[in-house]
Amino acid sequence: MAGLIADFLIDNTSEVLTCAGPAPRCGRAQADAGSRPGALVASLEGTIVFVGDADEWRRSGTLAPGATVVDARGGAVVPGFVDAHTHVVFAGDRRDELRRRLAGATYAEIAAAGGGIVSSVRATRAASDDQLACDTRRRLDEMLRCGTTTCEAKSGYALTVDGELKMLRAIRQLAASHAMEIAATFMGAHEVPLEYRECRQQYVDLVIQEMIPAVAAEGLADWCDVFCEAGVFSPEESTAILRAAAAHGMKLRIHADELAASGGSQVAARLGARSADHLIFVDAAGADALASARVAATLLPAAAFYLKLGRFAPARMLIDRGVAVALATDVNPGGGFSPSMPFALTLACFGMHLTFEEALVGATINGAWSLDRHDRVGSLEPGKQMDAVVVDGPAIDLIRVGADVIASVIKRGRVVHAR
């Protein structure tokens, strides 16, 4: 370790929760957040070179001229959050649906009245490229202020070849210009658009034969996702779409068992998807299938909360059966109203019965693994990116909803938000 040089240092911490080690964390290992009391973290050109005791660093490490030093003022440091499931790219405003939901309307009733996803489809199709990118940038800024340094972003609110490409190009543009690191997901199979409701197989064919090849030709998406749910896409349709995407080089994710037991978890296991998401109604057999196939369970407690579903995903059961649990916000126009990963942590602890450490691992290294980026983000250890959140107090203060506890957010060794 002798002769280490750093151009960025976080010092004077009470604790660094590194979340370091093998990924993903499953079972009892999910509770290991890698606590290092009083540690400091040093990086060079955006890559961590040291995590450990201050005395050890001062014996063998050197700061480069002009290095940045962040004084944690006795607060904790955690990895930058990895938000592994968002629909952050959209146009339009569905807060009127929120009012209707608060008055008792269900998700299905709102959709049947022309609301829901199809409402966002109308607005997104009509939006200009500049409007779409501008609106999305504002939401990414909100997420960044809440400590998210890496996120996934889906298409799926256009449902035409040109419209889906427009969304994914916006994601590519933002990934190149925003501090947030973004993984792009193609989700043309988010809903069957109104014009195909009487000939749905034609829409499935459109997704497989035209959308997927067009997305692949431009290299616009790392991932493909499908909403496998009764009334949306069946397990058979989901399987066909995902297999087509895999044949074009995309990795696989799936919305599964969100509103009822849809068979989505079994599809994820059979196809070897990296992540099955939502899983509010997954059963023990589905959990065992996910565990055997090493599929992550990306859970979205804020979506269940805002949709007033009356239950959360069975996170405790999934962890006990050996499934790696990740957490995400599900930022979207109809049910993902919070950009805050700390809020998702809070709901995971109090609604899904996770410990704080299990939830933190789900929001960092397991989220990174679900996006296949665990080699560079999701933990604080040498060789990884210097992506970190400095907390004004102990780490568990992150679940003090509404309290201004994030002192600074760091991405690739640069302060991108400071209170």
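Assorted remarks:
- Normalised per residue, the accessible area of region 261-318 is 34 Å², obtained with a 1.4 Å probe and no contribution from ligands, DNA or RNA.
- Considering only 317, 143, 250, the mean-square fluctuation computed in a Gaussian network model of the chain, springs between alpha carbons under 10 angstrom, is largest for 317.
- Of the trypsin sites (Lys or Arg not before Pro) found in region 149-197, the ones in coil according to DSSP and having at most 16 other Cβ atoms within 10 Å of their Cβ are 197.
- Charge tally around residue 89: other residues with Cβ under 12 Å, Lys/Arg +1 each, Asp/Glu -1 each, net +3.
- Exposed GluC sites (Glu not before Pro) absent - longest run of the chain, DSSP non-H/G/I/E/B, at most 13 other C-beta within 10 Å: 199-419
- Fraction of accessible area attributable to carbon and sulfur, the chain (%, probe 1.4 Å): 50 percent
- Within straight-line cross-link reach of residue 384, aspartates and glutamates at Cα separation under 19 Å, skipping those fewer than 8 residues along the same chain: 7, 11, 15, 32, 45, 53, 83, 152, 181, 372, 375
- Per residue, region 10-145 exposes 45 Å² of solvent-accessible protein surface, assessed with a 1.4 angstrom probe and all protein chains in place.
- Helix axis angle, 161-177 relative to the chain longest principal axis, alpha carbon, degrees: 10 degrees
- Angle in degrees between helix 235-247 and the longest Cα principal axis of the chain, rounded to the nearest 10: 60 degrees
- Note: region 208-304, Cα convex hull, 92 Å³ per residue.
- Sequentially through region 94-111, phi angles give Karplus couplings (6.51, -1.76, 1.60; θ = phi - 60°) of 10, 5, 5, 5, 4, 4, 5, 5, 5, 8, x, 5, 8, 4, 5, 5, 5, 5 Hz, Gly and Pro residues having no value and appearing as x.
- Bridges between two residues of the chain, per DSSP, are antiparallel at a rate of about 40%.
- For the chain: relative contact order, % (alpha-carbon pairs under 8 angstrom, 6 or more apart): 22 percent
- Over all pairs of different C-alpha atoms in region 114-199, the reciprocal of the mean inverse distance, the Kirkwood hydrodynamic radius, equals 13.5 Å.
- Centre-to-centre separation between the Cα atoms of region 283-311 and those of region 236-278: 13 Å.
- Translational diffusion coefficient of the chain (Stokes-Einstein, Kirkwood radius from Cα pairs, 10 °C, 1.306 mPa s): 74 µm²/s.
- Axis angle, to the nearest 10 degrees, between helix 129-145 and the longest C-alpha principal axis of the chain: 40 degrees.
- Taking amide H positions as modeled 1.01 Å from N, with prolines and chain starts lacking one, the residues under 5 Å from residue 4 and 5 or more places away or on another chain are 62.
- Summed residue charge, Cβ within 12 Å of residue 306's Cβ, Lys/Arg positive, Asp/Glu negative: +2
- Near the amide H of residue 50, within less than 5 Å, lie the amide hydrogens of 42, all on another chain or at least 5 residues away, with H placed in the peptide plane.
The values are calculated or read from the model by the stated rules, or taken from the named source; none is laboratory data. The structure presented is a predicted model; accordingly, all values stated were derived computationally and were not measured. Backbone-built Cβ (ideal geometry, glycine too); neighbour counts: all protein chains shown. Just the protein is used for accessible areas: all its heavy atoms, side chains included, with ligands, DNA and RNA removed. Shrake-Rupley method; radii C 1.70, N 1.55, O 1.52, S 1.80 Å.
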